[in-house]
Amino acid sequence: DAGVIQSPRHEVTEMGQEVTLRCKPISGHDYLFWYRQTMMRGLELLIYFNNNVPIDDSGMPEDRFSAKMPNASFSTLKIQPSEPRDSAVYFCASSLAMGNTEAFFGQGTRLTVV
Amino acid sequence: GESVGLHLPTLSVQEGDNSIINCAYSNSASDYFIWYKQESGKGPQFIIDIRSNMDKRQGQRVTVLLNKTVKHLSLQIAATQPGDSAVYFCAENTPPHRGSTLGRLYFGRGTQLTVWP
């Protein structure tokens, strides 16, 4: 397996534009996580899915953020409209289970909103 | 060790020396802990984990120690190499609490390890 695959690796967009980040988890993993990493706040869990169903979205900062998982092999994180303070590295991770096994992370998407 | 704030704690060691990276976790109910390594421009990579019913676990060149009494976790790297230079995160899993089925994995702020040749 190629691991967790995220696209794009880098995204630069203007304030107000819609941004869509994509993730392909490791095949067979039932859990998918979206994290945001900044110097100020470190790694923050935004939302996670179990078997394609959103379980905990309490980390999603605002209604501008939304995430979907239409099938077991694909998830998106959308920001609409984007703001400069959304600039961060966004990671997707997947795991077989929760609470007793590690999560495998993708390479991340570096988002810059100007 | 880990801390809340704008600046990452740093640890500088000479190649070949042993490194110890510390982490204080917050929830006494946490039952599973993971150490991750993050190199520049990459995602966090699993190093080693430990469950709360253990106090020590060893891997290849790495050892994790868990002290539940003081809620402290440490990562020991033997014979540190330049390739070990990275940011190291500890993560704690908090089990579902009363009235909720949700468990969460919380990450510390990280420690920057720099290995000098």
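Laboratory data are not the source of any read-out in this text; all were calculated from the coordinates shown. A quick note: this is a predicted structure, and the numbers were derived from the prediction, not measured. Cβ placement follows ideal geometry from the backbone for every residue including glycine, while neighbour counts extend to all protein chains displayed.
Quick one: which residues, 5 or more positions from A:S87 or on another chain, have an amide H under 5 Å from its amide H? H modelled 1.01 Å from N in the peptide plane, none for Pro or chain starts.
Long-range HN contacts for A:S87: A:V113.
Whole-Hz Karplus ³J(HN,Hα) for the range A:79-87, in order, using 6.51 cos²θ - 1.76 cosθ + 1.60 and θ = phi - 60°, x for Gly and Pro?
10, 8, x, 7, 10, x, 6, 7, 4
Any idea what the relative contact order of the range A:43-114 is, in percent, if you count C-alpha pairs under 8 Å spaced at least 6 apart?
Worked out over the range A:43-114, it gives 21 percent.
Over 26 Å apart: what share of the alpha carbon pairs of the protein assembly as shown falls there, rounded to a whole percent?
Roughly 38 percent, once rounded to a whole number.
Quick one: if the Förster radius is 30 Å, what FRET efficiency do A:Q80 and A:M39 give, using the C-beta to C-beta distance and rounding to 0.05?
E between A:Q80 and A:M39, to the nearest 0.05, is 0.75.
Would you list A:M39, A:M98 from fewest to most Cβ contacts within 10 Å?
A:M39, A:M98
First check a/c for the range B:12-93, with a ≥ b ≥ c the square roots of the eigenvalues of its C-alpha gyration tensor; if it is under 1.5, answer rounded, and if not, answer prolate when a/b is larger than b/c or oblate otherwise.
Prolate.
Can you compute 3J(HN,Hα) from phi for each residue in the range B:30-38, using the Karplus curve 6.51 cos²θ - 1.76 cosθ + 1.60 with θ = phi - 60°, rounded to whole Hz and x for Gly and Pro?
Running phi through 6.51 cos²θ - 1.76 cosθ + 1.60 with θ = phi - 60° gives 4, 10, 8, 9, 9, 9, 10, 10, 10 Hz.
Mind checking which lysines have their C-alpha under 23 Å from A:K68, skipping anything on the same chain fewer than 8 residues away?
Within reach: A:K24, A:K78.
Over the range A:1-101, what relative contact order in percent results from Cα pairs under 8 Å that are six or more residues apart?
This gives 36 percent for the range A:1-101.
Give a residue-ordered list of calculated ³J(HN,Hα) values for the range A:19-29 (Karplus: 6.51 cos²θ - 1.76 cosθ + 1.60, θ = phi - 60°; whole Hz; x for Gly, Pro).
These are the phi-based 3J(HN,Hα) values: 10, 10, 9, 10, 8, 10, x, 5, 4, x, 7 Hz.
Return the tail of the calculated pair distribution for chain A, meaning the percent of Cα-Cα pairs more than 26 Å apart.
Above the 26 Å cut-off, chain A has 12 percent of its Cα pairs.
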